[in-house]
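Here's the structure, in structure tokens; my notes come after.
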Ligand code: GLU
């Protein structure tokens with residue numbers, strides 16, 4: 001991600017501000033992160049050599065509560081990307097009314113190149129490097145692209161060693177044995193599914209046998225494919241970073257997931273026909289689900305998208321330029337800060353349970369997640385209808401108004417203002 005995307009993210013925020021009566025002071029407070037840390041992580045590789053990796057942790061805003069957001073391991077991680085993702089987390093937690101702000105972290109590394117032991121040393125090294133800027137009341141990391149509960153387990157253990165005591169609420173998405181919560185690993189897809197179900201009548205009123213194409217067959221994409229197939233959707237195409245498969249009659253998602261688990265990729269899948277991964281984005285389908293990385297739909301391909309609706313399961317999969325093109329062409333977008341908010345919502349439940357020394361059942365997690373997703377989806381749809389806004393703008397306005405209320409309530413403007421009020 002380039003600096004341009006950070007600017008684009010900021011432009012969307014400014015656009016949302018046009019629909020609110022946000023004070024200039026509040027806008028200014030939300031224009032830049034409150035803290036950005038770049039670290040170097042030296043790692044002893046299995047062959048004895050030392051390699052150094054660049055790591056980042058950005059706390060974008062913490063007015064509504066401790067910063068919250070995942071950590072990604074990816075070769076293209078940069079300071080600008082992490083900052084943009086932390087910015088989006090600020091709005092995501094506000095959309096869901098979670099008592100959190102927004103943060104994000106990352107390490108520029110290709111994790112597929114590392115052994116498990118190297119990955120553990122890197123994960124522990126990263127936490128040691130950022131230990132001073134995270135904490136259950138400061139900034140609470142979680143999984144993101146190419147990190148999982150195994151990695152979170154190493155991280156919470158490392159943090160406990162540094163602080164000489166158990167602090168399970170410092171990281172969410174942990175293994176259940178280390179204070180994790182049932183339902184966290186399927187939370188993003190469960191939340192996305194609730195949103196899809198809630199808005200389906202609005203965005204696809206006439207589709208009896210709806211078709212969907214899903215870009216990204218990782219945790220969220222593959223699980224959502226299963227949920228949609230079970231709910232009667234035709235999953236006509238899926239892709240991962242190495243291959244794509246297509247069957248207009250509907251793919252056997254169970255077989256595809258088995259193949260992915262066994263071989264690590266969708267290449268040579270036993271069902272469907274191979275497809276150019278890029279071509280998936282322009283198939284004629286009812287719904288398109290980008291569930292991989294940012295900027296999958298951009299100025300260059302947005303004009304060819306033939307879906308009726310796009311559900312953004314990835315963070316930032318549609319660039320601002322593509323957004324405008326899709327909007328002009330009448331393609332509805334259900335935005336990331338709502339669609340993929342199930343993950344951070346269940347992270348909140350995990351954090352609460354850790355702080356109270358409790359264990360929650362999966363049934364409680366599922367019921368409370370559904371309640372949060374349905375409540376906020378309805379609020380955004382109502383706001384969109386009442387003010388004549390696109391769903392993305394409505395979601396931002398919904399978040400911005402909550403953020404502004406909190407920022408105003410801190411009284412900082414009065415404190416540092418002209419001193420007369
Ligand atoms: N990485 C996820 C996201 O982008 C989850 C973050 C969290 O649970 O804190 O929303």
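Annotation: Cα Rg of the stretch 198-308 relative to the compact-globule expectation 2.2 N^0.38 Å equals 1.00. Computed on the chain, with alpha-carbon pairs under 8 angstrom and 6+ residues apart, the relative contact order is 16 percent. Distance distribution P(r), the stretch 204-243, all Cα-Cα pairs, bin width 10 angstrom from 0: 30, 52, 16, 1 percent.
Translational diffusion of the stretch 1-41 was estimated from the Stokes-Einstein equation, with Rh taken as the Kirkwood radius over Cα pairs; at 25 °C and 0.890 mPa s the coefficient is 205 µm²/s.
Across the stretch 195-238, the residues whose backbone nitrogen lies under 20 Å from the label position 7 Å along the beta-carbon direction of residue 375 are 195-199. Applying Stokes-Einstein at 4 °C and 1.567 mPa s to the Kirkwood radius of the stretch 166-208, computed over alpha-carbon pairs, gives a translational diffusion coefficient of 102 µm² s⁻¹. Residue separation of residue 208 and residue 35 scaled by 0.36 nm, minus their Cα-Cα distance, works out to 57.4 nm of gained length. Each semi-axis of the equivalent ellipsoid for the stretch 335-374 is √(5λ) with λ an eigenvalue of the Cα gyration tensor; in descending order they amount to 20, 12, 6 Å. Computed over the stretch 250-366, the convex hull of the alpha-carbon atoms projects to a mean area of 9.7 nm².
If you plug the beta carbon distance of residue 112 and residue 255 into 1/(1 + (r/R0)^6) with R0 = 30 Å, you get a FRET efficiency near 0.80.
How many percent of the alpha carbon pairs in the stretch 1-120 exceed a separation of 25 Å?
Result: 32 percent of Cα pairs exceed 25 Å.
Taking a point 7 Å out from the Cα of residue 11 in the direction of its Cβ, the residues of the stretch 264-304 whose backbone N falls within less than 17 Å of it are 295-303.
Å³ per residue of the Cα convex hull, for the stretch 105-179? Don't skip to the end; give the middle numbers.
Details: hull volume 6.3 nm³, N = 75.
Value for the stretch 105-179: 85 Å³ per residue.
Once you reduce the stretch 10-75 and the stretch 241-299 to the center of their Cα atoms, the two points are 30 Å from each other. In terms of overall dimensions, the C-alpha atoms belonging to the stretch 310-405 reach 50, 27, 23 Å along their principal axes, ordered largest to smallest.
At full extension, residue 51 and residue 138 could sit 28.3 nm farther apart than now, given 0.36 nm per residue minus the alpha carbon distance. Length gained on full extension, residue 242 to residue 279: 12.0 nm, using 0.36 nm per residue less the C-alpha separation.
Between residue 20 and residue 76, the simple label model (points 7 Å from Cα in the Cβ direction) yields a spacing of 3.0 nm.
Two decimals, Cα atoms only, Kirkwood Rh: what is Rg/Rh over the stretch 45-173?
Numbers: Rg = 14.1 Å, Rh = 14.6 Å.
Looking at the stretch 45-173, the ratio lands at 0.97.
With a simple spin-label model that places each label point 7 Å from the Cα along the Cα-to-Cβ direction, the separation between residue 128 and residue 27 comes to 4.6 nm. What is the P(r) of the chain, as percent of Cα-Cα pairs per 10 Å bin from 0? With 10 Å bins starting at 0, P(r) equals 5, 22, 33, 27, 11, 2, 0, 0.
All of the numbers you see were taken from the coordinates with simple rules; none came from a lab. Keep in mind that this is a model prediction, so the values were computed, not measured. As a convention, Cβ positions derive from the backbone with ideal geometry for all residues, glycine included, and neighbour counts pool all protein chains shown.
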